[in-house]
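Trainee: Take this structure, written in structure tokens, and hold onto it; I'll ask about it next.
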Amino acid sequence: MTGAAGNIGSALRERLVARHRLRLFDQAPMKAAEPREPVELVQGSVTNLDDMVEACRGIDAVVHLAGIPAEAGWDSIKQVNIDGTRTLFEACRQTGTRRVVFASSNHAVGFRTRKESGPDGLSDDIAAAPDTYYGMSKAAGEQLGALYSARFGMEVVCLRIGSFGRVPTGLRQLATWLSHDDTARLVEAAISNPVRGLVYVWGVSANTARWWSTSGAQRIGYEPQDDAQHWAAELIAQHGEPDVTDPVLHYVGGPFTQEPLGGE
């Protein structure tokens, strides 16, 4: 798991370690493993091919979380999120690692809207429409997955993650929230269940207000159990009734569609 010292990586380590032997990779120092914890810690850079090749040797699947997790300047986004993801896929090719679970983002399709939803909601594999340089980098990562899947037969699961957090913190997250426990269920399904080729899956919990499709989740056997609706009354009391014509609620990417490019 790359980016293992980050927020999602830390939550996954805690929840997956009981069922898997983990190799955790990050450029930042990580908490030492407990004596009986089946964890190997590797420190290195996702942009360094030699580091990535060594990290990928002898493993069954990679969960690729490493990257800048928000909008930033183009040069930084390109180096870490795009070039780093290309390095990861190339390392997997060289080492024969077949399964890659790529932590994409809803911001890869941030300018898609509620109006484009079908009977089952907005399709998991709707074409990219990024809202920021960050979103563009995630769309590029998805296309790298498509390339390496088509050319080399890799099994690639692109997780278009919504709003990861312990609890939902705004009206938008009544639809887009992804709980810590459901994150573990999502990744468990993505690494363990049969997959052919390239698959897109919305990374969200079982939210009553969700308007994104469940078909990708069904395809990989992901069964979310948490629902942001538990916090709906509290959030509506704080923020008022939701207005789905508000760009924050109308667009997939919410507030990112209103931010200046490069985070300036």
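Trainee: Can you tell me how many residues in region 45-64 are touching a Leu at 6+ places or on another chain (Cβ under 8 Å) and assigned to a loop (DSSP other than H, G, I, E, B)?
Mentor: Number of matching residues: 1.
Trainee: Any residue in region 163-173 that is part of a strand (DSSP E or B), open to solvent by 10 Å² or more (accessible area, probe 1.4 Å) and among the β-branched types (Val, Ile, Thr)?
Mentor: no
Trainee: Can you pull out every residue in region 5-44 that is touching a residue at least 12 places away in the same chain (Cβ under 8 Å), small (Gly, Ala, Ser), part of a loop (DSSP other than H, G, I, E, B) and farther than 17 Å from Gly58 by Cβ?
Mentor: The answer is Ala5, Gly6, Ala28.
Trainee: Which of the residues that make up region 114-124 are more than 17 Å from Thr208 (Cα to Cα) and surrounded by fewer than 17 Cβ atoms within 10 Å (Cβ to Cβ)?
Mentor: Lys115, Glu116
Trainee: Looking at region 68-80, is at least one residue open to solvent by 30 Å² or more (accessible area, probe 1.4 Å), of a type in the set (A, V, I, L, M) and in a helix (DSSP H, G or I)?
Mentor: yes
Trainee: Only residues that are touching a residue at least 60 places away in the same chain (Cβ under 8 Å), among the polar types (S, T, N, Q) and either in a loop (DSSP other than H, G, I, E, B) or surrounded by 18 or more Cβ atoms within 10 Å (Cβ to Cβ) (or both): list them for region 193-248, please.
Mentor: Listed by number, the residues that qualify are Ser213, Thr214.
Trainee: Can you confirm whether Val101 is surrounded by 16 or more Cβ atoms within 10 Å (Cβ to Cβ), in contact (Cβ under 8 Å) with a residue 40 or more places away in the chain and closer than 25 Å to Leu261 by Cα?
Mentor: So Val101 does not fit the description; no.
Trainee: Shifting gears a bit: Enumerate the pairs (first residue in region 147-163 and among the charged types (D, E, K, R); second residue anywhere and assigned to a helix (DSSP H, G or I) and open to solvent by less than 10 Å² (accessible area, probe 1.4 Å)) with beta-carbon separation below 7 Å, excluding pairs fewer than 6 apart on the same chain, so at least 6 apart or on different chains.
Mentor: Arg160/Asn106; Arg160/Ala108; Arg160/Val109
Trainee: Applying the selection to region 85-131, what residues are hydrophobic (A, V, I, L, M, F, W, C), within 11 Å of Val62 (Cβ to Cβ) and in a helix (DSSP H, G or I)?
Mentor: Within region 85-131, Leu88, Phe89, Ala91, Cys92 qualify.
Trainee: Please go through region 251-263 and give me each residue that is open to solvent by 40 Å² or more (accessible area, probe 1.4 Å) and either closer than 20 Å to Leu178 by Cβ or in a helix (DSSP H, G or I) (or both), ordered by number.
Mentor: At the first step, the residues of region 251-263 found to be open to solvent by 40 Å² or more (accessible area, probe 1.4 Å) are 251, 255, 258-261, 263.
Answer for region 251-263, where residues must be open to solvent by 40 Å² or more (accessible area, probe 1.4 Å) and either closer than 20 Å to Leu178 by Cβ or in a helix (DSSP H, G or I) (or both): Tyr251, Pro255, Gln258, Leu261, Gly263.
Trainee: So, Ala33, is that one closer than 27 Å to Phe152 by Cα and open to solvent by less than 80 Å² (accessible area, probe 1.4 Å) or not? Write out each step before concluding.
Mentor: Numbers: closer than 27 Å to Phe152 by Cα: no; open to solvent by less than 80 Å² (accessible area, probe 1.4 Å): yes.
Considered against the rule, which asks whether it is closer than 27 Å to Phe152 by Cα and open to solvent by less than 80 Å² (accessible area, probe 1.4 Å), Ala33 comes out as no.
The values are calculated or read from the model by the stated rules, or taken from the named source; none is laboratory data. Keep in mind the model is a prediction, meaning the values are calculated, not measured. Because the Cβ atoms are built from the backbone with ideal geometry, glycine has one as well, and the counts that use them run over all protein chains shown. Side chains included, ligands, DNA and RNA excluded: accessible areas come from the protein's heavy atoms. Shrake-Rupley method; radii C 1.70, N 1.55, O 1.52, S 1.80 Å.
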